[in-house]
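Chemist: Got a structure here, written out as structure tokens. Questions coming.
Just so it is clear, none of the values below were taken in a lab; they were calculated from the coordinates. Only a predicted model underlies this, so the values are computations on that prediction, with no experimental measurement involved. Quick reminder, even Gly has a Cβ in these numbers, built from the backbone with ideal geometry, and neighbours come from all protein chains shown.
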Amino acid sequence: MWRRLATCLSLVASSLVCTGCWDSTEIDRLSIVTMTGIDLAEDGQSVRTSVQIARASELGTTGGGSPATSTGSAKAYLVESGEGPTEVDAVSKVISKLPRKLFMGHRRVIVIGEDYARHGVGQLMDEVVRNPQSRLRTYVVVAFHEQATKVLQVPSDLNRLPSDAIVELEQSGSVAAVDARKFTKQLTSKSDPYAMGIRIFTNEMSEASKEGLTLDNIAVFQREKLVDWLEGPAAKGFLWISKDLRQDNETVILPDDIGKVSVRLGSVRTSHHVTVVGGQPELNINLHTIFDINQNASRLSLLRSSEMSVVRSALRNEIRSQVEMAMQQLQRDRADPLGVSNELFKYYPGLWHKIEPEWREVYAHMPIHYNIDVNIRNAGLMSSSL
């Protein structure tokens, strides 16, 4: 009896000290940030922070269930900017312009301007990690030859918020999906960070907007500073060995004017490891791929093993060429986004401590061995081209 009474009294007493959601804020009093951009100011020392804020009243639905705002419309969001000596001060300037509380909990993308990236991103990532509202799953991209502020102002034809379009591109499996957690982990390790480059392109076929956004280049850093871009085949080669590529289509030109064959990536397994030969490190890159035939625009009969081997050989040579272009450029830049230094430190600590002072030079001349394995799983129902 007394035990039950004591339990009831303790429950009543504990309920008296519960204050509920003391720091809650109604959603109509928040400025919900979906994307932010960071640039160098005109003086080259201060920073300019831009925030893309969703207009909650425009993102709802009408009585019939259709969106209140059509895709590609800038009315679904607004962009505000502020300048200051640090990233925190710049955000404070933005807050002073807004009647509502700035909320970063729904930020999905951080865009870094190229000038700012070349100046160094260490302070930005320090603020992102320390900010309790920041999500480490926020994607990090670098504006290709552009300011981040302009990227935030480009609408999307298929999404009301450009941040949603960028996230869908990052999750497509055809680019390197780099979020704040991955970028910071690379930055604080012995390797170098990398991120996808976001580019503004002219969209002449669109009725809603004459500009669009795409992710097609890779920003390569040396520690916290952007040093170079991987473009075209070199960018594709890096995706092959970075373990980011999950979806792809390739078209290879066959030798002797036989024609062309298009394939679809089924799966890819990538590994790289360091070996020490004669006291010097060497890098081994292994790539195992499986493709399906998408189109046969050649004179080959793909059900014959001898003629299928021509396609496999052409694919192997194409992939090897792309990977070699990527690694040659990374060695010229003395940038290590693959984490070769991490592996060397982990498995050969004695050698690492010996060569660490001159690691960049050693890396630039490190021999690289490639093992590219290509298999074709499905040639289709027809052997020859129609």
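Chemist: Normalised by the number of residues in segment 217-281, what is the relative contact order in percent for Cα pairs under 8 Å and 6+ residues apart? Could you put the intermediate results ahead of the total?
Modeler: Numbers: 59 pairs, mean separation 13.5, N = 65.
Value for segment 217-281: 21 percent.
Chemist: What share of all Cα pairs of segment 183-264, in percent, falls into each consecutive 10 Å distance bin?
Modeler: 14, 32, 30, 19, 5
Chemist: Going by amide H atoms built from the backbone, whose H comes under 5 Å of the H on A177, apart from near neighbours?
Modeler: Amide H neighbours of A177: none.
Chemist: Reachable lysines from K210, Cα under 20 Å, same-chain residues fewer than 8 places away excluded?
Modeler: The reachable lysines, counting only those whose Cα sits under 20 Å from K210, are K75, K150.
Chemist: I would also like to ask the following. Figure the gain on full extension for E231 and Q153 (residue separation times 0.36 nm, minus the Cα-Cα span) and round it to one decimal in nm. Each step should come with its number before you reach the end.
Modeler: Values: separation 78, 0.36 × 78 = 28.08 nm, distance 2.43 nm.
Roughly 25.7 nm would be gained on extension.
Chemist: Next question, about the same structure. Expressed as an acute angle from 0 to 90° and rounded to the nearest 10, what is the orientation of the C-alpha long axis of helix 305-333 relative to the principal long axis of the chain?
Modeler: 60
Chemist: Let me ask something else. Add -39500 (n - 2.57) for each DSSP H run of 4 or more in the chain, then divide by its residues: what number comes out at 222 nm, to the nearest 500 deg cm²/dmol? Write down the numbers at each step before the final one.
Modeler: Values: 12 runs with 123 residues, N = 386.
Helix-only estimate at 222 nm: -9500 deg cm²/dmol.
Chemist: Considering only DSSP beta bridges with both partners in the chain, what is the antiparallel share in %, to the nearest 5?
Modeler: Numbers: 55 of 79 bridges.
Bridges in the chain are about 70 percent antiparallel.
Chemist: How far, in nm, would the chain grow between R334 and D256 when pulled straight, counting 0.36 nm per residue and subtracting the alpha carbon separation? Write down the numbers at each step before the final one.
Modeler: Details: separation 78, 0.36 × 78 = 28.08 nm, distance 3.80 nm.
Here the answer is 24.3 nm.
Chemist: Over segment 176-295, what is the mean sequence separation of C-alpha contacts under 8 Å (at least six apart), divided by residue count, expressed as relative contact order in percent? Each step should come with its number before you reach the end.
Modeler: Numbers: 194 pairs, mean separation 19.2, N = 120.
Relative contact order, segment 176-295: 16 percent.
Chemist: Tell me, what HN-Hα J-couplings in whole Hz come from the Karplus equation 6.51 cos²θ - 1.76 cosθ + 1.60 at θ = phi - 60° for each residue of segment 158-172, using x for Gly and Pro?
Modeler: 10, 10, 5, 10, x, 4, 5, 5, 5, 4, 5, 5, 5, 8, 6
Chemist: Pop out the ³J(HN,Hα) list for segment 267-273 in order, Karplus 6.51 cos²θ - 1.76 cosθ + 1.60 with θ = phi - 60°, rounded to Hz; leave Gly and Pro as x.
Modeler: Each residue of segment 267-273 in turn: 7, 9, 10, 10, 8, 8, 9 Hz.
Chemist: Moving on to the next point. How high is the FRET efficiency from K354 to R4, r the C-beta distance, R0 51 Å, rounded to 0.05? Intermediate values should be presented prior to the final figure.
Modeler: Details: r = 72 Å, r/R0 = 1.41.
About 0.10, to the nearest 0.05.
Chemist: Let me ask something else. Projecting each Cα onto the charge dipole of the chain (Lys/Arg +1, Asp/Glu -1 at the beta carbon, about the Cα centre), which of Q133, V151, S313 comes out farthest on the positive side?
Modeler: Among Q133, V151, S313, the one farthest towards the positive end of the dipole of the chain is Q133.
Chemist: Quick check: the distance between the Cα centres of segment 302-317 and segment 347-382, to the nearest angstrom?
Modeler: Between the Cα centre of segment 302-317 and that of segment 347-382, the gap is 26 Å.
Chemist: Could you work out how far the C-alpha centroid of segment 153-186 sits from that of segment 240-295, in angstrom?
Modeler: 25
Chemist: If amide H atoms are built 1.01 Å from N in the plane of the peptide, which residues on other chains or at least 5 residues away come under 5 Å of the amide H of D373?
Modeler: The list, which skips near neighbours in sequence, is L287, H288, T289.
Chemist: Something else now. Taking the chain as a Gaussian network, where each spring joins two C-alpha atoms under 10 Å apart, which residue of K354, K243, K190 fluctuates the most?
Modeler: K354
Chemist: At N294 and H106, where each label point lies 7 Å from the Cα along Cα→Cβ, what is the point-to-point distance in nanometres?
Modeler: With each label point 7 Å from Cα toward Cβ, the separation is 3.6 nm.
Chemist: Then there is this: Kindly rank 130-143, 356-369, 217-230 from highest to lowest mean number of other beta carbons found within 10 Å of each residue. Mind showing how you got there, number by number?
Modeler: Numbers: 130-143: 18.1, 356-369: 13.5, 217-230: 20.7.
The most tightly packed comes first, giving 217-230, 130-143, 356-369.
Chemist: Same structure again: Report, in degrees rounded to the nearest 10, the 0 to 90 angle that the Cα long axis of helix 2-16 makes with the longest principal axis of the chain.
Modeler: Taking the Cα atoms of the chain, the angle to 2-16 is about 90 degrees.
Chemist: Rounded to the nearest angstrom and ordered from largest down, what semi-axes does the equivalent ellipsoid of segment 277-386 get from its C-alpha gyration tensor (root of 5λ)?
Modeler: Values: eigenvalues 329, 33, 21 Å².
Listed largest to smallest, the semi-axes of segment 277-386 are 41, 13, 10 Å.
Chemist: A further question on this structure: Where q = 0.08, 0.09 Å⁻¹, what log10 of I(q)/I(0) comes from the Debye formula for the chain, counting one point per Cα?
Modeler: Summing over Cα pairs of the chain leads to -0.56, -0.68.
Chemist: Note down the nm distance, to one decimal, between modelled labels 7 Å out along Cα→Cβ at R264 and at S301.
Modeler: Reported label-point gap for R264 and S301 is 2.6 nm.
Chemist: So what are the ³J(HN,Hα) numbers for segment 38-55, from phi and the Karplus equation (6.51, -1.76, 1.60; θ = phi - 60°), rounded to whole Hz, Gly and Pro as x?
Modeler: 3J(HN,Hα) across segment 38-55, in whole Hz: 10, 9, 7, 6, 5, 6, x, 10, 6, 10, 10, 9, 10, 10, 9, 10, 6, 8.
Chemist: List the relative contact order of the chain as a percent without decimals, with contacts defined as Cα pairs under 8 Å and 6+ residues apart. Provide the component values of the computation, followed by the final result.
Modeler: Working: 780 pairs, mean separation 48.7, N = 386.
Contact order relative to length: 13 percent.
Chemist: Quick check: residue separation of R118 and R223 times 0.36 nm, minus the Cα distance between them. What number comes out in nm? It would help to have the intermediate numbers written out before the result.
Modeler: On the way: separation 105, 0.36 × 105 = 37.80 nm, distance 1.07 nm.
Full extension from R118 to R223 adds 36.7 nm.
Chemist: Compute the distance in nm between two label points, each set 7 Å from the Cα along the Cα-to-Cβ direction, one at N284 and one at S46.
Modeler: With each label placed 7 Å out from Cα toward Cβ, I get 5.6 nm.
Chemist: Something else: Near the amide H of I198, under 5 Å away, which other amide H atoms are found, from residues 5 or more places off or on another chain, if H is placed in the peptide plane?
Modeler: V142, A143, F144
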